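*Asks:* Mind looking over this structure? Questions follow.
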Amino acid sequence: MRIAQVAPLIESVPPRFYGGTERVVSYLTEELVRAGHQVTLFASGDSRTAATLRPMVPEALRLSAQGSDPLIPHLVMLEQLFKCVGDFDIVHFHIDFLHFPLSRRERHAHVTTLHGRLDLPDLAVLYREFREMPVISISETQRRPLPWLNWRATVYNGLPEHLYRFNARAEGYLAFLGRLSPEKRPDRAIEIARRAGLPLKIAAKVDRADQDYFETRVRPLLGRGGVEFLGEIGEQDKDAFLGNAAALLFPIDWPEPFGLVMVEAMACGTPVIAFREGAVPEVVTDGVTGFIVDSVDAAVQAVERIPSLDRRECRDHFERRFSARRMAERYLDVYRNILDECGAGFVSPRRAG
């Protein structure tokens with residue numbers, strides 16, 4: 001199958017540091033190549049892939065000093081893609097809705113994975129206009145604000161099985177990994193760790209939009225009482241950071257569409273203590289791979305119950321449900337279904353030739 005993967009240009013594929021969507025695109029692309037498919041990746045020029053790379057900008061926009069409007073390179077990318085769209089059996093978009101007006105007017109098989117939150121008011125207006133677009137959710141919970149969309153499947157994000165090593169023995173600290181933003185609630189993580197009497201290691205980036213929150217709400221809490229701020233870490237450092245932790249704290253305060261960091265922790269054998277928001281109940285099995293809580297008090301009590309969990313079961317749960325191979329198989333099912341539905345009524349320019 002000839003497949004185009006269209007990635008955001010904000011981060012490289014895979015990203016050098018933090019970046020959820022681009023990492024998932026990378027894992028999916030490499031699995032599809034391993035399965036023998038002809039994959040073309042539209043992404044930034046500093047991306048690394050076994051697929052055919054079509055570089056749209058020299059380097060990822062977040063780390064680039066050139067250009068200030070991210071919309072411009074994405075529109076250029078779409079123009080270049082649609083010039084050769086007939087070369088592909090199917091196009092898989094990961095750039096939200098940017099391509100919808102073009103896809104509506106072009107006869108090509110396509111699908112879009114929506115990676116972000118869908119509960120923002122303005123989105124309903126846009127998606128109602130383009131409600132025929134075939135889309136994929138990354139959790140059942142993510143769909144709830146827009147249940148009437150043309151949902152084709154829910155495909156959970158996955159990680160390569162070899163990416164993280166199972167660690168049967170943990171050190172005595174808690175971990176927080178992600179963005180230092182209000183919805184991720186690092187302040188909650190700090191309170192939970194202090195009340196539980198365990199050190200907390202924070203590995204996180206601070207986006208420009210979250211700088212004020214970091215300076216006023218988080219920075220005053222760092223550097224004392226067993227809280228260690230490591231800054232943003234790369235992929236090569238996550239294995240030890242997560243694998244040595246007694247548990248990952250995921251005290252979110254927003255409708256998280258998925259939460260890949262929870263899967264990363266489980267891949268290391270590390271259980272997750274997470275607040276009951278968004279997709280958390282779909283990812284964490286309460287009492288098996290961690291604990292789902294509704295308050296800081298309950299989270300503190302959950303820390304005390306960590307020894308009752310089997311770290312091997314956390315790893316096994318990851319392998320059964322959240323591997324990149326399983327993710328790729330589910331996406332291939334979607335691709336085949338869409339192509340079958342196109343049938344005789346759809347002939348791409350490539351096939352017509």
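*Asks:* Taking into account only those residues within the range 284-301 that are in contact (Cβ under 8 Å) with a residue 40 or more places away in the chain and crowded, with 24+ Cβ neighbours inside 10 Å, which is nearest to the chain's Cα centre (by Cα)?
*Replies:* Looking at the filtered set, the residue picked out is 290.
*Asks:* Check 127, 156 and return the single one that is surrounded by 13 or more Cβ atoms within 10 Å (Cβ to Cβ), touching a residue at least 24 places away in the same chain (Cβ under 8 Å) and either part of a loop (DSSP other than H, G, I, E, B) or not aromatic (Phe, Trp, Tyr) (or both).
*Replies:* 156
*Asks:* Could you count how many residues in the range 312-348 are within 29 Å of residue 286 (Cβ to Cβ) and in contact with a Pro (Cβ under 7 Å, 6 or more places away or on another chain)?
*Replies:* The total comes to 2.
*Asks:* Just the residues that are farther than 24 Å from residue 199 by Cα and free of Cβ contacts under 8 Å to residues at least 40 places away in the same chain, please, taken from the range 257-279.
*Replies:* Residue satisfying the conditions is 277 alone.
Listed here are the residues, each with its yes/no results for (1) buried (at least 18 other Cβ atoms within 10 Å of the Cβ); (2) under 26 Å from residue 159 (Cα atoms); (3) among the basic types (Lys, Arg).
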{"site": "22", "(1), (2), (3)": "yes, yes, no"}
{"site": "27", "(1), (2), (3)": "yes, yes, no"}
{"site": "35", "(1), (2), (3)": "no, yes, no"}
{"site": "38", "(1), (2), (3)": "no, yes, no"}
{"site": "49", "(1), (2), (3)": "yes, yes, no"}
{"site": "55", "(1), (2), (3)": "no, yes, no"}
{"site": "63", "(1), (2), (3)": "no, yes, no"}
{"site": "69", "(1), (2), (3)": "no, no, no"}
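*Asks:* Confirm whether residue 172 is at pLDDT below 95, of a type outside the set (Ser, Thr, Tyr) and in a strand (DSSP E or B).
*Replies:* Here the answer is no, as residue 172 does not meet what is asked.
*Asks:* Of these, 233, 202, which one is surrounded by 20 or more Cβ atoms within 10 Å (Cβ to Cβ) and outside the structural domain of residue 338 (by TED's automatic domain parsing)?
*Replies:* The unique qualifying residue is 202.
*Asks:* How about the range 238-294: which of its residues are of a type in the set (Phe, Trp, Tyr) and more than 20 Å from residue 320 (Cα to Cα)?
*Replies:* Scanning the range 238-294 gives 241, 250, 254, 275.
*Asks:* Among the numbered conditions (1) in a loop (DSSP other than H, G, I, E, B); (2) at positive phi, tell me where residue 184 comes up short.
*Replies:* Result: residue 184 fails condition (2) only.
*Asks:* Right, another one. For the range 159-211, enumerate the residues that are of a type in the set (Gly, Ala, Ser), over 17 Å from residue 256 (Cβ atoms) and in contact with an Asp or Glu (Cβ under 9 Å, 6 or more places away or on another chain).
*Replies:* Matches in the range 159-211: 196, 203.
*Asks:* What number of residues within the range 1-20 are crowded, with 24+ Cβ neighbours inside 10 Å and touching a Pro at 6+ places or on another chain (Cβ under 7 Å)?
*Replies:* Total satisfying the criteria: 1.
*Asks:* Of all the helices (runs of 4 or more DSSP H) wholly in the range 1-113, which have at least 2 residues that are under 30 Å from residue 128 (Cβ atoms), touching a residue at least 12 places away in the same chain (Cβ under 8 Å) and of a type in the set (Val, Ile, Thr)?
*Replies:* The qualifying helices (runs of 4 or more DSSP H) are 20-34.
The values are calculated or read from the model by the stated rules, or taken from the named source; none is laboratory data. None of these values were measured; they are calculated from a predicted model. So basically every Cβ, Gly included, is an ideal-geometry build from the backbone, and we count neighbours across all protein chains shown.
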